[in-house]
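Undergrad: Here it is, the structure in full.
The values are calculated or read from the model by the stated rules, or taken from the named source; none is laboratory data. No experiment lies behind these values; they were computed from the predicted model shown. Heads up, the Cβs are rebuilt from the backbone with ideal geometry, glycines too, and the neighbour counts pull from every protein chain shown.
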Amino acid sequence: MDKPKRPLITKTIIINENDEYLVLRRDLKDDVGAGKLDLPGGGVDEHEGIYEGAVREVFEETGITLSIEDIELVCTKSKFQPTNQGKKNLHRFLFVARVHNAPVAVSEEHDAHYWFTKRELLANYDHHAWRPMLDYYFKYY
């Protein structure tokens, strides 16, 4: 039997020198959210803390190298979520980082990337779990 994944998930808002926001598009053949817009992030591994997991996920999905000093935790959200083994508490962590002249190399999970203005990001990003956290970021930061 496979060991259940840790219920810790990160996403990172990446802002470039032009105050544009990095958005990825899920690969059209992907099982989860094909063609949907996404922020860099994913599950935190067993041996990692949330900052290390966020930095690793940004690198894996974009090729952008950050350190834990480069990211700031801006919002968290926890909820009970049904699973095959009953309910588990799922924890989401939203970070923000600024980059300068950072080339992007998307992973196989994604097939495109875009640099959106704040207006474009808010008009197009609609993930049911992460959008309220994104709204919180723009309201308070």
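Undergrad: Please tell me if R56 is at pLDDT 95 or above and in contact with a Gly (Cβ under 9 Å, 6 or more places away or on another chain).
TA: yes
Undergrad: If you don't mind, there's one more thing I want to ask. Out of all the residues in the range 16-36, which are more than 25 Å from K88 (Cβ to Cβ) and within 13 Å of the chain's Cα centre (by Cα)?
TA: Within the range 16-36, Y21, L22, V23, L24, R25 qualify.
Undergrad: Residue by residue through the range 9-33, note down the ones that are out of contact with any Gly (no Cβ under 9 Å at 6 or more places or on another chain) and within 20 Å of C75 (Cβ to Cβ).
TA: Once the filter is applied, which keeps residues that are out of contact with any Gly (no Cβ under 9 Å at 6 or more places or on another chain) and within 20 Å of C75 (Cβ to Cβ), the range 9-33 yields I13, I14, I15, D19, Y21, L22, V23, L24.
Undergrad: Only one residue in Y114, Y137 is part of a strand (DSSP E or B) and aromatic (F, W, Y), so which one is that?
TA: Y114 is the lone residue from the list that is part of a strand (DSSP E or B) and aromatic (F, W, Y).
Undergrad: Within the range 54-99, track down each residue that is free of Cβ contacts under 8 Å to residues at least 60 places away in the same chain, β-branched (V, I, T) and either loosely packed, with under 15 Cβ neighbours inside 10 Å or not in a strand (DSSP E or B) (or both).
TA: Result: V55, V58, T62, I64, T65, I68, T76.
Undergrad: Restricting attention to the range 11-24, which residues are outside any loop (DSSP other than H, G, I, E, B), touching a Lys or Arg at 6+ places or on another chain (Cβ under 8 Å) and either exposed (fewer than 13 other Cβ atoms within 10 Å of the Cβ) or not aliphatic (A, V, I, L, M) (or both)?
TA: Passing the criteria: K11, Y21.
Undergrad: Working carefully through the options L8, L39, find the one that is under 13 Å from the mean Cα position of the chain (by Cα) and over 22 Å from V99 (Cα atoms).
TA: L8
Undergrad: Can you pull out every residue in the range 100-134 that is touching a helix residue (DSSP H, G or I) at 6+ places or on another chain (Cβ under 8 Å) and either more than 17 Å from L22 (Cα to Cα) or surrounded by fewer than 14 Cβ atoms within 10 Å (Cβ to Cβ) (or both)?
TA: Listed by number, the residues that qualify are A105, K118.
Undergrad: Considering (1) closer than 16 Å to E72 by Cα; (2) under 15 Å from the mean Cα position of the chain (by Cα), say which one L121 fails and leave the rest.
TA: (1)
Undergrad: Counting just the residues of the range 25-53 that are in a loop (DSSP other than H, G, I, E, B) and of a type in the set (V, I, T), which one comes out surrounded by the most Cβ atoms within 10 Å (Cβ to Cβ)?
TA: Among them, the one singled out is V44.
Undergrad: Turning to a different aspect of this structure: Being farther than 20 Å from V99 by Cα and hydroxyl-bearing (S, T, Y) is the filter; apply it to the range 47-82 and report the residue that is farthest from the chain's Cα centre (by Cα).
TA: Looking at the filtered set, the residue picked out is S78.
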